[in-house]
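Note sheet for the following structure.
The values are calculated or read from the model by the stated rules, or taken from the named source; none is laboratory data. Since the model is a prediction, treat every value here as computed from it, not as a measurement. Cβ sites come from the backbone with ideal geometry, for glycine too, and all protein chains shown count toward neighbours.
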Amino acid sequence: MSGCSGPGEASVMWIVGHGGESLALSRSTFRERRPSCVAAAMLAILQVSCGSKPEPVRPNVVLITIDTLRADRLGCYGNPSVETPAIDQLARDGVLFQRAIAQVPLTAPSHAAILTGTYPTWNGMRDWTDPGLRPDIPTLAEIFKRHGYSTAAFVSAFVLDSMWGLHRGFDVYDDWFEAQDYKLAKRQSLERSAEKTVDRSIAWIASRPPGPFFLWVHLFDPHSPYSPPEPFRSRYQGRPYDGEVAYSDQQMGRLVQYLRDRNLYASSLILLTSDHGEALGEHQEQEHGYYIYDSSMHVPLVVKFPAPSLAARRSVPQVVNTIDIAPTLVQSSGLPASEMRPFQGLSLLALVSKDPGSAGRFGYSESIYPRSLVGTSGLFGLRTERYHYIQAPRAELYDLEQDPGEKRNILREKPAIAQSLQQALQDVISRHRQTDRGRAGESIDPETKEKLRSLGYVSIAGSKLPAEDDPNAPDPKDRIATYNQILKAMELSDRGAWKEANALLAPVAIRYPHLFLIPFLQGENLRALKNERKAIAQYRRALELNPAFDQAAVGLGHAAYAVEDNMEAVKAFDLALQLNRRNFLARLALARVYWRLGRLEEAATEQLQVLEEHPHFAQAHAEYGVTLVRLKRYQEGLQAITKGIAMGYRDATVYNFLANAHLAGGNAQEAIRAYDQAISLDPNYPTPLVNLALLYQERGDHVRAREYYQRACRISAELCRQLGVRLR
C-alpha cells in the first residue's frame, strides 16, 4: 500500500515526569497525520484503496449530536440507572470512544468545532458573545456537497440558528420554530422537542434526492431547564435531567429504526456525540459553560462504520477530541485526501485498528466564558488518559485514575508532570490561534468605529477585561459565587421575574463595573419591564465596554424604537448588522423603523434580503406584504401577507394591512373580517377600530361607526379628536 504511513512511523515526544512516570504525546498530534494503512484498508471496503482510483461508493453519513449529554449517563458508558437502549445498541454495532473531550462547554462554539474540525482559537467561535463562524473556515457540509452529497441539518435550538454561520453547505438547514415564537423577547431560549426534530429529519430522508446524503440531527432536550415528557417525567421523578436523556435516546432510536426499516442502516456511517456535558452541581457549577472539568467536557462518542467494517476494536481508550469528528467522517467516506487539509483534528480511523500504536493523544478544552461573564482569566485544559491539567491563575492537575471526580489538585505533588503538560498546552494554543482576530472590542474595523461614534457613545476604549490568559487576573474559582448569582438572575429573567433578576444583578454591577454583560442583562430586563429609556442607558454602557457585542446593539435598537427615537434605532440596528451581517432579526427590525420614517423602498430591500436567506420565515413574508400595501401594490401585498399568515404568523398590524389590501380590491367583507381579527389580537391597537368606524360610516351604518369610534377614543385621545372631525 504505497504512500501509506503506518502507526509505528509516528515520532514520539516523551515527557518525563516526577518519580519516573512519563507521558507520551505523538508529535503527529501537533500536525496533520497522513492516512494510516488501516484507514486505507477500511476505505477499500468502500471501493477506495490507497494508490487506486476506482469510482468510489459513498456511504450515507449521519451525524447526531445530543446537547448537554454527559457520557456517564449512558448504559454503554457503565450507567445502569438510565435507560438508553438505542445508544447502547449503536455502541454494540460500532466503536465506543471511552475518553472523548469537547473543546468548548457551550453549544454553538462546540458545534462549530465539530463541524469544521478546527480549534475554537482558530475558527473564531469561542463563547456566545461572538458574532459567528469565520467565513473563511470550511465546513463539513461544504465538503460533502462538493462531492455530490445531498446535505441537510435539523437543529432544535435557536442558539444554532443560521445567523451564526453553521448553515454553510447545507441544502436544507431547518432551524425554524413556530412562527409566533419569534415574537418572544427571549429568543435565545427557543427550542423544539426531539420528537419534532426527528419527525422533520425522517420526512427529509423520505423525500431526499437520489444519491448519498450527509445529515446532521441535533437534539436539545437534556439542556436546562429539564422537563421530560411522560412517561419519562414519572419514571425519573426527582431526576429530570436523566429523564431528558432517556427521552432523547428514545427519539434518536426512532431515527435509527427508520434507517433500518429503509435498509439504510447497515451501509451508513453514523456518529453520535454531544457538544458538552452538564456539571449538575459538581464544583459548585449547576449547568455548564464556566468550568472545563470532565463533568462538562467528557462527552459520548460512538461511531458505527458502514458494513462490513474492518474496525478491530469495539472500545478505544485513547483520548480524542470532538474536532476529530470532521476528518473521521471525511476519510471514512472515501473523499479525496486533499479535503483533509483544513482540519486541525485527527481522523480516528487509525485508533480502531487492532494495534493503533503506542503514541498518545491529548484532549484540548477551553472556556473564556468566565472572562466575559465575571471578568476573570479564561480556562485552558489538556487531558491525557491519566491526567488533566487546567491552566488558570492557580493551575490545577488531577490524576483521573485515582480521582475521577477531580476533587484533589495534585499540582504541587507532581510539578514536572504539570510543567510538561503546560508546555504541551501552550504549543497547541500557539499553533492554532488566529492572530488577526481580537475579542471583546479589542479589534474594531474603521467602519464599525465610525458607526459607534455616530451613535455618540464611545471613546472606543474597547474591553477593560483582562487578557484571557493573564496569570495575574482573578481566578474563575474565586468568582463562582458571583457566576451563580448571575445565572440565577438569568433564570429569573427567563421566567418573567425581571425586577427580581435586576435586584440580583445590581450589586454585581456596582462591584464589577467593567463587566459588559451585566449592563446588557439589566437592559434586557428593563426593556421587558417597558422601561426603555433606562434600558437604553444600559445598552449604551454595554457597548462602551464591548463595542463588538452585536446583541447589545440589537437591544439598543429595540429600546430606541419603543420610545420612537427612530434615527437612534436605525443607527443601532445598522451597527448590529455591521457586526453580524447574518442577523436577520435585526434586519427585519430595521425595516420596521423604515416604515415609520416613510422609507418604504428601503424597508422592502431589507425584507427581501431576509426572504432570500430565509424563505420559510413567516414574519418576513407578512411584513414584506405590509410594505407592499403601503406602497399601494395591493395585490402583491395581499399575496405576501396571506402567505405569512398561512405559515402561522399572527399580528394585529399585519391583519390591519391585510384588511386595507382587501378594501383596496373592493372586498369590504373580507376587510371587515381582517380588521376584527386585528382587534381580537390586540384590543388596545386603535388603528383597526378607526378604520372600521370610517368603513361603517361610509356604508351608512352609523350605529356601528359610533361604537368603533367610542372604542378608539378610549384608547387614544388624539385619534378620537381626528376621527371626530371626519365622522361629523
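Listing for the model above:
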| item | result |
| --- | --- |
| Within the stretch 406-443, considering residues that are surrounded by 15 or more Cβ atoms within 10 Å (Cβ to Cβ) and of a type in the set (D, E), the one modelled with the lowest pLDDT | D427 |
| Within the stretch 154-165, tally of residues that are touching a strand residue (DSSP E or B) at 6+ places or on another chain (Cβ under 8 Å) and either farther than 16 Å from Q551 by Cα or part of a loop (DSSP other than H, G, I, E, B) (or both) | 4 |
| Test result for I410, of a type in the set (V, I, T), outside any strand (DSSP E or B) and under 25 Å from V320 (Cβ atoms) | yes |
| Residue within the stretch 474-490 that is touching a residue at least 40 places away in the same chain (Cβ under 8 Å), farther than 24 Å from G132 by Cα and not in a helix (DSSP H, G or I) present | yes |
| Residue check, A559 of a type in the set (A, V, I, L, M), within 20 Å of L465 (Cα to Cα) and either touching a helix residue (DSSP H, G or I) at 6+ places or on another chain (Cβ under 8 Å) or assigned to a helix (DSSP H, G or I) (or both) | no |
| Restricting the stretch 562-595 to residues that are of a type in the set (D, E) and assigned to a helix (DSSP H, G or I), the residue that is nearest to K530 (Cα to Cα) | E568 |
| Members of the stretch 688-728 that are among the small types (G, A, S), part of a helix (DSSP H, G or I), over 16 Å from A659 (Cα atoms) and in contact (Cβ under 8 Å) with a residue 12 or more places away in the chain | A705, A712, G724 |
| Segments classed as strands (runs of 3 or more DSSP E), wholly inside the stretch 286-401, with at least 3 members that are under 22 Å from W216 (Cα atoms) | 301-304 |
| Qualifying positions in the stretch 632-672 - surrounded by 15 or more Cβ atoms within 10 Å (Cβ to Cβ), over 35 Å from the mean Cα position of the chain (by Cα) and in a loop (DSSP other than H, G, I, E, B) | R633, N667 |
| Extreme residue, farthest from R587 (Cα to Cα), among residues of the stretch 518-552 that are outside any helix (DSSP H, G or I) and in contact (Cβ under 8 Å) with a residue 60 or more places away in the chain | N546 |
| When residues of the stretch 474-496 are limited to those that are among the hydrophobic types (A, V, I, L, M, F, W, C) and surrounded by 16 or more Cβ atoms within 10 Å (Cβ to Cβ), the one farthest from the chain's Cα centre (by Cα) | I480 |
| Meets criteria (at negative phi, at pLDDT 95 or above and aromatic (F, W, Y)) for F154 | yes |
| Residue list for the stretch 615-631, filter: in contact with a Leu (Cβ under 6 Å, 6 or more places away or on another chain) and either outside any helix (DSSP H, G or I) or not aliphatic (A, V, I, L, M) (or both) | T627, R630, L631 |
| Criterion violated by E623 - all others in (1) at pLDDT below 95; (2) surrounded by 24 or more Cβ atoms within 10 Å (Cβ to Cβ); (3) among the acidic types (D, E) satisfied | (1) |
| Complete set of residues in the stretch 586-603 that are crowded, with 20+ Cβ neighbours inside 10 Å and more than 17 Å from M567 (Cβ to Cβ) | R587, L588 |
